[in-house]
Amino acid sequence: MKRTFIIIPILTLGLMAIAGFITPPETANYKCMIQLTNYQGEGAYLVVSLLNADGEYDETLYVQGDDNEWYRDIEEWFNNIYGVKRPDIDAITGATVSGGQRSLTVLKIPTEKIDAGYKIRFESAVEDQEYYKDDVEFELTSENLKSKLEGKGFIRYVRMIPQ
């Protein structure tokens, strides 16, 4: 019985020491400006995600809009990530942005995923209007991360600037 009291604290300390040497993945910061089209209606909910080489969701980088009641309108992301796993997302901002306006945020992108077959997807939805699964979607390359990329729906364009 005394051995158990000694072994458990030693194992716990050993695991904590090992965990202290594990470093989180290195990230690069990119200023991201999202310019919306001049549509009429409510503010747009936007989700920016990393997709792996198979087109599957890897990570949520940014969510614009903090009322999770409307997340279901961003169908693909909701059905594959938020509605299924309910992850803690620390990249949620407050207010949505309306037609003709722009938002500016900083995306933290894992450097190991740049030029490694990943994509970035911008999904957009507006209450009682349409949903665009791939409003903007592009290969996660060093070149694209310095570009202005045109949208197909509520997003007029996205401009990425390395910081």
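None of the figures in this text is laboratory data; all of them are computed from the coordinates on show. Worth saying up front: this structure is predicted, and the values here are computed from it rather than measured. For neighbour counting, all protein chains shown are included, and Cβ atoms are generated from backbone atoms with ideal geometry for every residue, glycine included.
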Q | In nm, spacing of pseudo-spin labels at Asn80 and Tyr157 (7 Å Cα→C-beta vector) | A | 2.7
Q | Hydrodynamic radius (Kirkwood) for the range 105-157, which is based on Cα pairs only, to one decimal in Å | A | 12.1
Q: For Val106, put the label point 7 Å out on the Cα→Cβ axis and report which residues of the range 133-152 keep their amide N under 18 Å from it.
A: 146
Q. How much length is gained if the chain between Asp58 and Ala95 is pulled fully straight, taking 0.36 nm per residue apart and subtracting their Cα-Cα distance, in nm to one decimal?
A. 10.8 nm
Q) Principal axis lengths of the range 25-162 from Cα atoms, whole Å, largest first? A) 38, 32, 24
Q. Roughly speaking, what is the stretch gain from Gln129 to Lys148, that is 0.36 nm per residue apart minus the C-alpha to C-alpha distance, in nm to one decimal?
A. 4.3 nm
(Q) Explain nothing, just the number: dipole magnitude of the range 28-81 about its Cα centre with +1 on each Lys and Arg Cβ and -1 on each Asp and Glu Cβ, in debye rounded to the nearest 20. (A) 300
